Amino acid sequence: MAYSEKVIDHYQHPKNVGTLDKSKNNVGTGLVGAPECGDVMRLQIEVDDTTGVIKDAKFKTFGCGSAIASSSLATEWLKGKTVDEAVKIDNMTIVEELNLPPVKIHCSVLAEDAVKAAINDYRKKNGLEELQFEEKGVH
Amino acid sequence: MLQFPIYLDHNATTPCDPRVVEAMIPYFTNSFGNAASRNHSFGWQAEEAVDYAREQVAKLIGADPKEIIFTSGATEGDNLGIKGVFEMYASKGNHIITCNIEHKAVLDTCRHLEKEGAEVTYLNVKPNGLIDLAELEAAIKPTTILIAIMYANNEIGTIMPMREISAIARKHGVLVFSDGVQAVGKIPVDVNKDGIDLMAFTAHKMYGPKGVGALYVRRKNPRVKVTAQIDGGGHERGMRSGTLNVPGIVGFGKACEICMNEMEADTARIIKMRDKLEQSLLKVEESYLNGDKEHRLPHVSNISFKYVEGEGLMMGFNKNIALSSGSACTSASLEPSYVLKALGLGDDLAHSSLRFGLGRYTTDEQIDYTIEQVTNTVNKLRDMSPLWEMFKEGIDLNTIEWAHH
């Protein structure tokens, strides 16, 4: 199975690899997946307290090229969005952007889950109620 | 000068040796006869070529030419050998012993026979990939008719103790079938010394063409018979009907002859490169060799690089290097290699494995390049692996509650 050019590009030049200080109150961390499943994503957002805008996003991913590309793309999309806008990131837009084949859709779902987990971690830290999300059920 | 891509997947298939192709060519055009045509020269010529190839094939495994049944490949040989014995010896019993790291062609054949009334024992292998002989002997019952154990494993290259296995089988009057696909042509295999009664093998794993293989069926001490699985013109002494693939068989014979003559020199060269590759890659932190180090084919090395995922790893160099991973992501199933899991590897290590399969045309330059590329990619991916970061921070990954998907 050949990868799309966009997946290859993200794999070769991943955007925003790294670690944010998870002890900070304005940093939300999402860790999703499991080593046994062959995919683990950690996605972090740093939020500007006054504007609610995500000013930085970082990821680290253990997984195949599509998983790396999905999380790399997600961090790109997160930056500059408000937290409320970021909640709306949908896995299918990742699938479309990266031309993921059906067997790799779970990579995009994982990226979406990572975004939501990071947002909820941020909300929890800041005394906000955690959002409830529907299961995508594609895993 | 290095040419890309580099092929390091010789357990999947091998290129045809040009000498093999050369031997085959006349049998497509001029000498195209049907080996079963008894009344003209075209047929005689084909028959003669098949007879000669049968001798070449038999010689490589120490068999008599009459004990070679040509097939379409090892999957057919596995099916014919196991199903054929099950049906032929039904009055004697219905129990088959095999092991859990066999090729799918053996495992699925056994599963199929379970539906037909067979009782199958799947022995677990030890962490080194070999079966426990005491467990094997303990599994034998009065109804046991066949022990089916592979000669060497396709993923980790471990070589089973065939002589010890067959000694136990003999003691209890049980037949031994072996899937010899990975071993024949690579290491010395002698059906008499090894005590094997039936063995499937194939041309395309030993620099011959695809689509042709053989089933060895012992004719003496004891005389073994199998029930045919393909009915028709009664070719191959009634055990495998179907017009013989004459060019393929000629190529198979030639490939066997070359292996016979050059095995020693090939092995000496290949094992040196394999060991260099392996030693260099095992220097990478948190890398592990899978399968027994000693009882192993000379051209295979299966290594897990912890905290990186196999398919992601291959993507770093698969434009230039062709090899295989035990990771699930390469298939639609998402389940990592059942062979590696049978060794007791956690899914994480199974997902992190690469199989290197060297061959006759592998060069030192290719190995040096591979060492460099794999090492660099492992390091690069670890820099972006959350698991590697946690490991480096001293976090025990087993204490984390993972969200299982």
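What follows is calculated from the coordinates using simple rules that are stated; it is not laboratory data. The model shown is predicted, which means the values in this text are computed figures rather than measured ones. Here Cβ is always computed from backbone atoms with ideal geometry, including for glycine, and neighbour counts include all displayed protein chains.
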query = Ranked by Cβ crowding within 10 angstrom, fewest neighbours first, how are B:PHE391, B:PHE201 ordered?
reply = B:PHE391, B:PHE201
remark   = Any lysines whose Cα falls less than 16 Å from that of B:LYS341, other than same-chain ones fewer than 8 residues away, would be B:LYS104, B:LYS126, B:LYS306
note = Partner shielding of B:311-317, taken as the mean number of other chain Cβ atoms within 10 Å, equals 5
request  = May I ask you to derive the relative contact order of the stretch B:18-259, considering only C-alpha pairs under 8 Å and at least 6 residues apart, and to give it as an integer percent?
outcome  = 28
request  = Would you list which lysines come within 21 Å of B:LYS66, measuring only between C-alpha atoms, while excluding same-chain residues fewer than 8 positions from it?
outcome  = B:LYS83, B:LYS193, B:LYS220, B:LYS225, B:LYS254
query = Which of the aspartates and glutamates could be linked to A:LYS104 by a straight reach, that is with a Cα gap under 16 Å, when you skip same-chain ones fewer than 8 residues away?
reply = A:GLU5, A:ASP39, A:ASP90, A:GLU96, A:GLU112, A:ASP113, B:GLU309, B:GLU311, B:GLU335
ask   = Over the alpha carbons of the protein assembly as shown, what is the largest minus smallest coordinate on each principal axis, giving the biggest first in Å?
value = 94, 56, 41
task = Starting from the eigenvalues of the Cα gyration tensor, five times each then square-rooted, give me the equivalent ellipsoid semi-axes of the stretch B:205-264, largest first, whole Å.
result = 25, 17, 8
inquiry  = Using the basic label-point model (7 angstrom from Cα toward the beta carbon), what is the A:GLN12 to B:LEU133 distance in nanometres?
reply    = 5.4
query = In Å, what Rg and Dmax follow from the Cα atoms of chain A?
reply = 14.1, 46
ask   = Could you put A:ASP84, B:ASP197, B:ASP347 in order, starting from the residue whose Cβ has the fewest other Cβ atoms within 10 Å?
value = A:ASP84, B:ASP347, B:ASP197
remark   = In degrees, nearest 10, the alpha-carbon axis of helix A:65-78 is tilted away from the dominant principal axis of the alpha carbons of chain A by 30
request  = Please give the length that would be gained between B:ILE271 and B:ASN379 if that part of the chain were fully extended, namely 0.36 nm times their separation in residues minus their C-alpha to C-alpha distance (nm, one decimal).
outcome  = 36.3 nm
query = To the nearest 0.05, how large is the calculated FRET efficiency for B:ILE400 and B:SER280 if R₀ is 22 Å and r is the Cβ-Cβ distance?
reply = 0.10
ask   = When the chain is fully extended, how far beyond the present Cα-Cα distance does B:ASP190 get from B:GLU116, taking 0.36 nm per residue of separation?
value = 23.4 nm
request  = In square nanometres and to one decimal, what's the mean projected area of the convex hull around the Cα atoms of the stretch B:18-259?
outcome  = 12.4
inquiry  = Using Cα springs under 10 Å in a Gaussian network model of chain A, which residue among A:GLY127, A:GLY65, A:GLY38 shows the largest mean-square fluctuation?
reply    = A:GLY127
message = What are the equivalent ellipsoid semi-axes of the stretch B:144-269, built from the alpha-carbon gyration tensor (square roots of five times its eigenvalues), in whole angstrom, biggest first?
response = 23, 22, 11
key: DSSP bridge orientation in the protein assembly as shown - percent antiparallel, rounded to nearest 5   = 65
remark   = Taking the reciprocal of mean 1/r across every pair of different Cα atoms in the stretch B:1-160, the Kirkwood radius in Å is 19.0
remark   = In chain A the cysteines whose Cβ sits 4.7 Å or more from every other Cys Cβ are A:CYS37, A:CYS107
ask   = So which residue, out of B:GLU311, B:GLU135, B:GLU76, gets the largest mean-square fluctuation from a GNM of chain B using Cα contacts under 10 Å as springs?
value = B:GLU135
query = Placing +1 at every Lys and Arg Cβ and -1 at every Asp and Glu Cβ, with all other atoms neutral, what dipole size does the stretch A:45-127 have around its Cα centre, in debye to the nearest 20?
reply = 240
query = What nm distance separates the two modelled labels at B:THR363 and A:LEU131, each placed 7 Å from Cα along Cα→Cβ?
reply = 5.6
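To two decimal places, what compactness ratio does the stretch B:145-199 give when its Cα radius of gyration is scaled by 2.2 N^0.38 Å? Present the calculation step by step, with values, prior to reporting the outcome.
Working: Rg = 10.5 Å, N = 55, 2.2 N^0.38 = 10.1 Å.
For the stretch B:145-199, the normalised Cα radius of gyration comes out at 1.04.
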task = May I ask you to give the average projected area over all directions of the convex hull of the Cα atoms of chain B, in nm² rounded to one decimal?
result = 21.7
